[in-house]
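Here is the structure we will look at, set down as structure tokens.
The values are calculated or read from the model by the stated rules, or taken from the named source; none is laboratory data. Just so it is clear, the structure is predicted and the values come from calculations on it, not from any experiment. Please note: Cβ atoms are built from the backbone with ideal geometry, for glycine as well, and neighbour counts cover all protein chains shown.
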Amino acid sequence: MIFATAWEPYQELFQGMARCLYSGFCRGGLAHGERKEVRGKIYVMTGEALALLKRHERDFPEHLRKVK
């Protein structure tokens, strides 16, 4: 099984103490009346990496690498 998360805007990853990897949002504060949106997906799938990649491409087309 694969457990994965994906977010827009991207998450930032931090290595904490010893063997801890922390992922969190560092979007800064909000000014009075300002609004920021975050959307995400949680995937729990069979251990097929290609199926996960295809699902991610469908859910987050803006993350696709643009080839020049």
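Identify all residues within segment 45-68 that are among the acidic types (Asp, Glu) and either farther than 15 Å from Ala6 by Cα or modelled with pLDDT of 90 or more (or both); write none if there are none. Working first, answer last.
If we filter segment 45-68 for residues that are among the acidic types (Asp, Glu), which is where we start, we get 48, 57, 59, 62.
Glu48, Glu57, Asp59 - these are the residues of segment 45-68 that are among the acidic types (Asp, Glu) and either farther than 15 Å from Ala6 by Cα or modelled with pLDDT of 90 or more (or both).
Considering only segment 32-44, I want to know if a residue exists there that is loosely packed, with under 10 Cβ neighbours inside 10 Å, part of a strand (DSSP E or B) and either modelled with pLDDT of 90 or more or under 14 Å from the mean Cα position of the chain (by Cα) (or both).
Yes, segment 32-44 contains a residue that is loosely packed, with under 10 Cβ neighbours inside 10 Å, part of a strand (DSSP E or B) and either modelled with pLDDT of 90 or more or under 14 Å from the mean Cα position of the chain (by Cα) (or both).
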